[in-house]
Each structure stands twice: as C-alpha cells, then as structure tokens.
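The values are calculated or read from the model by the stated rules, or taken from the named source; none is laboratory data. If you're wondering where the values come from, they're calculated on a predicted model, not measured in any experiment. No Cβ is skipped: glycine too gets one built from the backbone with ideal geometry, and neighbour counts run over all protein chains shown. Areas reflect the complete protein model, heavy atoms only, side chains present, ligands, DNA and RNA absent. Shrake-Rupley method; radii C 1.70, N 1.55, O 1.52, S 1.80 Å.
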Amino acid sequence: VEMFFRARKKRYLIDLLAAPRVPRAVIIPRRTDAGFLSSRLEQAIRARLEKKEPILLFFNRRGYASSLACTKCGFVPHCPRCDLAFSYSKRETKFICRYCGNSAPATGTCPRCRGRLMISRGRGVEALAEELNQRFPASRVAVFSGDEAGRKEQRERILSLFARGEIDILVGTQFLVHQADLPPVRLVGVLYPEMILHLADFRSGQKAFQAIRRAFRFLRPGEDSEVLIQ
C-alpha cells in the first residue's frame, strides 16, 4: 500500500527485471503432530544431521513463552511500567517486558493465591530449542535472538561457532535474518510465519512474505537445497 502510494505521488516505478530463480520450497500443513516439529520437518532435519550438514530454523518468538498464567485465579504477571504481560525466559529465569525491557525474577507461584503459574500463550524459541535437544540429543543446538545474542560479542561468538561447524542446528528469530555473515546451508526451516498475519498492522501480509523470503537467501545453491515452511 505504501509503495503504491509513493509510486503514484512521486512518479517512480520499480523494475523487477527477470524473475529470480526460486529454490525448492514446501509448505507443510501443521495439524496433528505433537510439539513444535511436524514429522516431515523432523525427518528432513534428521537426514541432514546424518550427512553432518548444518541447519537453520527461523521462529519469530523470543523467550520460552509469551506469558504465564495462574491455573487457579487466572492471574498473569504484568510489567509494572507499561502494564503489558511479561514474557517468560526459562534460560534466564526471568520475566521480561518486550516493550520497555524491564525484567523481574521469574517465579512459578502466583503472588495472589499461591497457585501454580503455567504457560498460557505461545511457546517461544527457547522452547523450540529444548524440543530439538530432546529429539536430537546428539546434536548441538544454539539459539540466536535478542535475548541470547543481544551483545555484539555474543553474536560474533555464535556466528563463529556456526561457521566452524560447531553448531548443528541454529534456531533464530528475525534477529538472525539480518546477519550478513551467516554461511549458507542446504536446509532452511521457517516455523509458523502466519503468526505475523495476526499483527495489528495493515502491512502484516507484506511482513509475513518478507520474513519467509529473507530466509531464502541463506540457502546454498543446488538441487539438493530446500526450504520447508511449516
């Protein structure tokens, strides 16, 4: 919408030239499988691991879970600064506000009724890494997101390990998409990109498409390379 408006107002056109060669991409309907990974994606990952080939997975949800809630009274921990629900980071054992960056020590007990706090909405990239470790215990899994790789030294360390072949599966949010030095791989998985369609943004369709298309540039050229969109 914005580009069309600018083109009409400023009188310019965008030439796409020849259509780019698009690598093989498969859309996997996600309906009955338990956990994060469909059987199709799990098989593809296993096949690449057996060939000792690195894998990139993109899942755009930080932390371990979007929020926790009390199973008794329904209480949800909120940020005292901006009144938004805290996200839960299991790795750091913290509640984190994705809006202002405020954090607090995580607890599993409800401060109101002493009930148990459980995951109420959407598990995040930390939970995906946990499942990968369970399904592929011999593989080396790393997470690249604003939490795990927020500092430059951390980003460089993770990317260096991946480039040297010391990480088998690198799981990242959109934060990973913008890393230009990432070496290409033969399997790229994009998990649940349709979540972007639910954003309160008239560009959500465009953003969902861009999120998928950007992942393609990390694919190594060749007939054996593939993108799996789950």
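Annotations for the structure displayed:
- The length gained on full extension between A47 and C82, counted as 0.36 nm times the residue separation minus their Cα-Cα distance, comes to 8.0 nm.
- What you get for the chain, charging only the Cβ of Lys and Arg (+1) and of Asp and Glu (-1), is a dipole of about 640 debye around the Cα centre.
- List R81, R11, ordered by accessible area with a 1.4 Å probe, largest first: R11, R81
- Identified option (computed Cα Rg over 2.2 N^0.38 Å; candidates (i) 1.36; (ii) 1.13; (iii) 1.44): (ii)
- Relative contact order %, the range 140-230, counting alpha carbon pairs below 8 Å whose residues are six or more apart: 30 percent
- The chain: relative contact order in percent, alpha carbon pairs under 8 Å with at least 6 residues between: 26 percent
- Computed [θ] at 222 nm, deg cm²/dmol, the chain (DSSP H ≥ 4; -39,500 (n - 2.57); rounded to nearest 500): -7500 deg cm²/dmol
- Among E223, E53, E153, the order of accessible area from largest down is E223, E153, E53, computed with a 1.4 Å probe on protein heavy atoms.
- Applying a threshold of 32 Å to the alpha-carbon distances of K52/K152; K94/K152; K72/K94; K52/K90; K152/K207; K52/K94 flags K52/K94 as lying beyond it.
- For the chain, the fraction of 1.4 Å probe accessible surface lying on carbon and sulfur atoms is 52 percent.
- L219 long-range amide H proximity, modeled H, under 5 Å: V185
- Taken one residue at a time, the phi angles of the range 70-78 give Karplus couplings (6.51, -1.76, 1.60, θ = phi - 60°) of 6, 6, 9, 9, x, 4, 10, x, 10 Hz. Gly and Pro are set to x.
- Spin-label model distance (nm) - C73 vs N133, 7 Å beyond Cα toward Cβ: 3.3 nm
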